[in-house]
Amino acid sequence: MLKGPLLPRGESNMSNLCPPVFLVSLSSPEEEALCRALRVRDDQSDFIASNAESLEQAADSPWCEPLAIRAMQTGELVGFLMHALDPDENSRWIYRLMIDRNHQGRGYGRAALRALMAHLHTLPGGPGVALGVDPENIGARRLYASEGFVETGEVIDGELIMRRMST
Ligand SMILES: CC(C)(COP(=O)(O)OP(=O)(O)OC[C@H]1O[C@@H](n2cnc3c(N)ncnc32)[C@H](O)[C@@H]1OP(=O)(O)O)[C@@H](O)C(=O)NCCC(=O)NCCS
């Protein structure tokens with residue numbers, strides 16, 4: 001797992017005014033504990049693993065990079081994401097993206113996705129970025145589609161696969 005200080009920022013305050021965010025490597029137990037405490041809404045809990053589970057997965061995989069999402073203006077922790085390289089496909093997967101329930105609906109999800117895509121562009125691996133989304137997760141599907149992800153018709157473990165180039 002990569003560790004380090006601040007990662008490159010995304011161009012997250014583009015046309016539709018999402019508040020800028022920056023992505024931070026989880027370099028301390030304290031930062032990890034803060035991420036574990038983040039929560040989605042109860043009606044969203046089937047759409048994503050808990051951050052505690054994701055961090056366990058990351059600890060067991062050299063391919064995963066978990067990152068905290070912080071608001072640029074205040075530094076406040078607003079969410080969590082995790083991406084991974086699929087070494088067979090040589091493509092990147094967005095395994096997790098969540099914004100804490102108290103911070104949703106303010107543009108942080110879109111800003112974090114843009115920051116992540118900018119970050120992925122700097123990493124080794126092919127240009128393709130993929131993710132899986134629950135068919136009932138209408139909000140996430142709208143977000144991804146509006147950022148250029150396309151549903152490919154693939155279904156893995158009941159999730160719809162969406163793909164986009166990282167550029
Ligand atoms: C999906 C998620 C990350 C979006 O984060 P967010 O900060 O609330 O989203 P934003 O405010 O940036 O909104 C971005 C777009 O998402 C879509 N969206 C978000 N919430 C929505 C909702 N409740 N209904 C419909 N569309 C929604 C919209 O297209 C929105 O754009 P718009 O405001 O221009 O219409 C957040 O809802 C979340 O953490 N959900 C639970 C975890 C999850 O499902 N993650 C995705 C797993 S694949």
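The values are calculated or read from the model by the stated rules, or taken from the named source; none is laboratory data. Source: prediction; values computed, not measured. All Cβ positions, even for glycine, are placed from backbone atoms using ideal geometry, and neighbour counts span all protein chains on display.
Please verify whether the stretch 136-148 includes one or more residues that are assigned to a strand (DSSP E or B) and among the aliphatic types (A, V, I, L, M). The answer is no, given that none of the residues of the stretch 136-148 is assigned to a strand (DSSP E or B) and among the aliphatic types (A, V, I, L, M). In the stretch 98-132, the residue that is nearest to the chain's Cα centre (by Cα) out of those that are among the polar types (S, T, N, Q) and within 18 Å of Arg36 (Cα to Cα) is Gln104. Taking every residue in the stretch 47-62 that is at pLDDT 95 or above and pairing it with any residue that is surrounded by 14 or more Cβ atoms within 10 Å (Cβ to Cβ) and polar (S, T, N, Q), at least 6 positions away or on another chain, the pairs with Cβ-Cβ distances below 8 Å are Phe47/Asn137; Ala49/Gln57. Candidates are the residues of the stretch 31-46 that are acidic (Asp, Glu) and more than 13 Å from the ligand (Cβ to nearest atom); the one that is modelled with the lowest pLDDT is Glu31. Restricting to the stretch 135-146, and then to whatever is more than 7 Å from the ligand (Cβ to nearest atom) and surrounded by 15 or more Cβ atoms within 10 Å (Cβ to Cβ), can you tell me which residue is nearest to the chain's Cα centre (by Cα)? Among them, the one singled out is Tyr144. If the condition is being touching a Lys or Arg at 6+ places or on another chain (Cβ under 7 Å) and in contact (Cβ under 8 Å) with a residue 40 or more places away in the chain, then the stretch 63-77 contributes only Leu77. Screening Asp100 against (1) within 18 Å of Gln44 (Cβ to Cβ); (2) in contact with a helix residue (DSSP H, G or I) (Cβ under 8 Å, 6 or more places away or on another chain); (3) acidic (Asp, Glu) leaves a single unmet condition, (2). Just one of the numbered conditions (1) touching a helix residue (DSSP H, G or I) at 6+ places or on another chain (Cβ under 8 Å); (2) within 18 Å of Tyr144 (Cα to Cα) is not true of Ala84: (1).
Only one entry of Ala52, Ala112, Ala130, Ala68 meets the criterion of being under 23 Å from Cys18 (Cβ atoms) and either in a helix (DSSP H, G or I) or near the ligand (Cβ under 9 Å from one of its atoms) (or both), and that entry is Ala112. Inspection of the stretch 86-100 identifies at least one residue that is within 11 Å of the ligand (Cβ to nearest atom), in contact (Cβ under 8 Å) with a residue 60 or more places away in the chain, under 23 Å from Leu17 (Cβ atoms) and not in a strand (DSSP E or B).
Looking across the stretch 71-83, the residues that are buried (at least 20 other Cβ atoms within 10 Å of the Cβ) and either closer than 18 Å to Thr122 by Cβ or over 9 Å from the mean Cα position of the chain (by Cα) (or both) come down to Val78, Leu81, Met82, His83. On the basis of being in contact (Cβ under 8 Å) with a residue 24 or more places away in the chain and either surrounded by fewer than 19 Cβ atoms within 10 Å (Cβ to Cβ) or under 16 Å from Gln104 (Cα atoms) (or both), does Ala37 make the cut? Against the criterion (in contact (Cβ under 8 Å) with a residue 24 or more places away in the chain and either surrounded by fewer than 19 Cβ atoms within 10 Å (Cβ to Cβ) or under 16 Å from Gln104 (Cα atoms) (or both)), Ala37 does not qualify.
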